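Below: one structure, written as structure tokens.
Only the coordinates and a few stated rules stand behind these numbers; no lab work does. Keep in mind that what you see is a predicted model, and the values were worked out from it rather than measured. Glycine gets a Cβ as well: all are built from the backbone with ideal geometry, and neighbour counts include every protein chain shown.
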Number of protein chains: 2
Amino acid sequence: MNTLDTQKTQDSLQGSLQQVLALLHRHRLVENLVHKQDMPKHTLVESLVHKQNLRALQKKLDQLHTADVAYILESLPLEDRLVVWELVKAERDGDILLEVSDAVRESLIEVMDTHELVAAAEQLDADELADLAPDLPQQVVYEVMDGLDSKEREQLQSALSYTEDQVGSLMDFELVKIRADVTLEVVLRYLRRFEELPDHTDKIFVVDEDNRVQGVLPLKTLLVSDPDALVEVVMARDVVVFHPEDDSGDAAQAFERYDLITAPVVNADNQLIGRLTVDEMVDVIREESDSEVLSMAGLKEEEDLFASVWDSVKNRWAWLAINLVTAFVASRVIGVFEGAIEQLVALAALMPIVAGIGGNSGNQTTTMIVRALALGQLQTSSAMRLWRKELGVSMVNGLVWGGIIGLIASLLYGSASLGLVMTAAMTLNLMLAATIGVMIPMLMVRAGRDPAMGSSVMITACTDSGGFFIFLGLATLFLL
Amino acid sequence: MNTLDTQKTQDSLQGSLQQVLALLHRHRLVENLVHKQDMPKHTLVESLVHKQNLRALQKKLDQLHTADVAYILESLPLEDRLVVWELVKAERDGDILLEVSDAVRESLIEVMDTHELVAAAEQLDADELADLAPDLPQQVVYEVMDGLDSKEREQLQSALSYTEDQVGSLMDFELVKIRADVTLEVVLRYLRRFEELPDHTDKIFVVDEDNRVQGVLPLKTLLVSDPDALVEVVMARDVVVFHPEDDSGDAAQAFERYDLITAPVVNADNQLIGRLTVDEMVDVIREESDSEVLSMAGLKEEEDLFASVWDSVKNRWAWLAINLVTAFVASRVIGVFEGAIEQLVALAALMPIVAGIGGNSGNQTTTMIVRALALGQLQTSSAMRLWRKELGVSMVNGLVWGGIIGLIASLLYGSASLGLVMTAAMTLNLMLAATIGVMIPMLMVRAGRDPAMGSSVMITACTDSGGFFIFLGLATLFLL
């Protein structure tokens, strides 16, 4: 028996990667030898060793699952990645390009010529081709389209007409459909005529003569029911269906909520045009949370770990620039109070504490609210109630932590009034943070924008400038 | 026909929530009337209206899917939530408790007595009970255990013996298994004897006489193959199996990688003891990314949006405290240079820019690396290569952005040397950020810890203190 358990899977995946690395290493050593010593008599031997290594590597790669080859390509620096990519059997190119991350895909497509790309793309189904098309040169897409039959071309064009975050771009066209007025026995016989059923098939779609969805026949029902029963008697009529214009994030949430494996996609007339599968939805969930994490850290998109310095700079510059502008504004706020700082230099040392705690606390508030909004659990009508609560939290934190820091500051600088100003400023800045932290995501949603994007930067901007202003302002009023 | 499309699902879910809110609102109005006017003759009428509203609400709730009731409970403030919870049919209590978030579950369990809890828990399967058990009072768990038969008790104890992040705590025990030496016809007849098949069944497990996994028979194979064929001929022998001790995150990644719907869980002797289903794995993926987002924002755990001020303070205090300590250290670094600031007060205004850009850039680096580590794509041996690249990125950014800010600073304060110091300090702090940003997650992994947890705080601490030190230090050396 050939069981493949995760422990083994994880080990063998890491093991495979190590083997690939070792073979690549040997390959490089030989290559260097060839380059360094230009003695002709050695060349033959070395090129043999060279070929042997590559052949061993190729054999290893042929044994691996497509997803695992994709993983290895993602884990390799560019030069090694391209050596491995050369060795992958051409007929797997298409599937592997679908599996790798966007950044790695770009690096692989760059080194393929039109002919290779067309060959790779031709192996794919219309819906897979649609996923790949945006990354392919126009020329390749045209050539592949020419080779499609009219039905496939229509499917491809339909898939391409939807944006990445619409259900239409994620559906596939592998439909098994039956009529309601036949017996299960007939269905069983009909299914037996298939070479194989589409991946993930857990239900068969029941349609009428106009291809309109009537219900679904889950395989589990088909298998436990009397073969003489009619489909219309045993089928489920309560079907969760999707439209191609639906938001893919909403669809993924529906898959999660109702524990779906596959679901029909219908047009406005309720006619079956495609289906969604859980594996695509899992990818949506993964991507959504990824982009949340990435945008919070100020990265435009997933970055190839081994990208060039220049590519990385391009990916990261936008948020750094925004950060610099807001930092500059905060700096000008301090500039206004330079007179106060000259008189009492302790202010310069204490002001970052006030600003920092405000940013931290405001980000906590916003994270909570952005997540509740994303899950649809928060009505804008609850904003007031939430704001009052967050103000309460910030007052408690301000009095407790602000009190402690105020006490330390007053002992350190021997001035009770400085300590009091510190406590007051921290409390006020925390309250500002709570207000901004509730307000910004709510306003973003009202304006129809993604509440996560950039909210962290905006909050930090407000709590920095606000914190410096409150602290230095209070100090000017009460200490000088 | 009764199709339930997402558009309708989303609308009807929001609509249901609105209806519930409207009914609750009316209910409150009547209640207030009763309390305010203590006129006995009105009481009867009002209590009738009161009852009518609640009955309408109850009817509405009865029509909703369990997952949708859970969603509504999560969206309501505490008092309304408890009114709705009272109205939910007792036989659905168990399933709904499983669906709601941890924080909301706690608030619901708090208001239930032992008797109600036992009744709710008794409706659940052993694996579901195991999920709920940690939140239930000991007394309830004991009472429920007494009511179980020995097989169920064994399953419950087995599930409870694994930690939350192990496969053993996520598996269920709804197994359909067959022998390899029978024909598909026999299998089809055997399946027809079931009332219904377990949810998500996409394959049947093939075991030998000692319950050891031999292979799996996918339903799609069963349905397209000749009924006279033997199971052992058509079954798949290449099975991804899991062990109860496996990490659930790894299992979820394997589900994603190999597009699994269900998979067998086996013990060390390869004996079948349970199964994993994709819906549990989707929850794992969702929870992992949630906890990444939450911990980056300094929240200990998912918070009930309508939690009390006190609960929120408890959830958030830890990271605020850490943040305060690091801010205090940075403040002391500035304190050392108070003399320099007194001589050149512009330093106080410029120093937050140097610190801020370092923190932002360092967080970008770390986010990249933490994510690559989590996906297993980064070997610690690549650390040097990555560090060199990140240094390159930070030098480009430092010279470009540092140059611009340096130019502005020198114009603003009429001092070219101040501008040069600013540029140099920004470049150096960005390089420090790159170094720390690569080092911290790598060291965390070497120490066997979660690289995401707290790395953002540590980096900000280093770039704040480091930034202040570098800038004020350079200024002291070259400007004073």
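Taking other Cβ atoms within 10 Å as a rough exposure proxy, B:179, B:316, A:189 sort from fewest to most as A:189, B:179, B:316. Note on the protein assembly as shown: Cα-only Rg and Dmax are 31.5, 116 Å.
Residue-wise HN-Hα couplings along region A:456-462, as the Karplus relation 6.51 cos²θ - 1.76 cosθ + 1.60 with θ = phi - 60° gives them from phi, are 4, 5, 5, 5, 4, 4, 5 Hz; Gly and Pro carry x. Relative to the longest principal axis of the Cα atoms of chain B, the long axis of helix B:40-63 lies at roughly 90 degrees. Beyond 14 Å, what share of the Cα-Cα pairs of region B:337-404 remains, rounded to the nearest whole percent? Across region B:337-404, Cα pairs with separations above 14 Å total 70 percent. For region B:210-256, the Kirkwood hydrodynamic radius comes to 12.8 Å, computed from all pairs of different C-alpha atoms.
Between the Cα long axis of helix B:78-87 and the first principal axis of chain B there is an angle of about 10°, rounded to the nearest 10.
The phi-based Karplus calculation (6.51 cos²θ - 1.76 cosθ + 1.60; θ = phi - 60°) puts the 3J(HN,Hα) values of region A:166-178 at 10, 3, x, 7, 10, 6, 10, 10, 8, 9, 10, 10, 9 Hz, whole numbers, x for Gly and Pro. Each Lys or Arg adds one and each Asp or Glu takes one away; over the other residues whose Cβ falls under 10 Å from the Cβ of residue B:221, this sums to +1. Derived from the Cα gyration tensor, the three semi-axes of the equivalent ellipsoid of region A:309-478 are 30, 22, 12 Å, largest first. Volume per residue for region B:177-279 equals 98 cubic angstrom (convex hull of Cα atoms). When DSSP beta bridges are restricted to pairs lying wholly in the protein assembly as shown, around 70% turn out antiparallel. Secondary-structure-derived ellipticity at 222 nm for chain B, considering helices only, amounts to -22500 deg cm²/dmol, per-run term -39500 (n - 2.57) for DSSP H runs with n ≥ 4. Scanning residues 5 or more positions from residue B:265 or on other chains, those with amide H under 5 Å from its amide H are B:242, B:273, B:274, B:275, B:276, with H placed 1.01 Å from N in the peptide plane. Label-point spacing at residue B:66 relative to the other copies reads 3.5 nm, in ascending order, each point sitting 7 Å out from Cα along Cα→Cβ.
Structure note, pairs A:220/B:89; A:59/B:389; A:177/B:220; A:151/A:220; A:151/B:203; A:59/A:89: Cα-Cα distances above 22 angstrom occur for A:220/B:89; A:59/B:389; A:151/A:220; A:151/B:203.
Relative to the longest principal axis of the Cα atoms of chain B, the long axis of helix B:309-336 makes an angle of roughly 20 degrees. Let me know the shape class of region A:230-270, please: from the alpha-carbon gyration tensor, a ≥ b ≥ c as square roots of the eigenvalues, rounded when a/c is under 1.5, otherwise prolate if a/b is greater than b/c, or oblate. It is oblate, given that a/c is not under 1.5 and a/b is not larger than b/c. For residue A:152, the distances from its label point to the matching points in the remaining copies are 5.4 nm, ordered from shortest, with each point set 7 Å beyond Cα toward Cβ. If you sort the three axes of the alpha carbon gyration tensor as a ≥ b ≥ c, you get a/c of 1.5 or more for region A:394-480 and a/b above b/c, which makes it prolate. Averaged over the residues of peptide B:332-345, the number of Cβ atoms from other protein chains lying within 10 Å of each residue's Cβ is 4. Taking other C-beta atoms within 10 angstrom as a stand-in for reagent exposure, B:114, A:326, A:463 fall in the order B:114, A:326, A:463, fewest first. Distances between placed amide hydrogens fall under 5 Å for residue A:215 paired with A:206, all partners being 5 or more residues away or on another chain.
Of all DSSP beta bridges confined to chain B, the antiparallel ones make up roughly 85%.
With K and R counted +1 and D and E -1, the other residues having a Cβ less than 13 Å from that of residue B:342 yield a net charge of -3. Each copy carries residue B:113; placing its label point 7 Å along the C-beta direction from Cα gives inter-copy distances of 8.3 nm, listed from smallest up. For chain B, the alpha carbon positions stretch 90, 81, 46 Å along the principal axes, listed from largest to smallest. Annotation: the residues B:453, A:444, sorted from fewest to most other C-beta atoms within 10 Å of their own C-beta, follow the order B:453, A:444.
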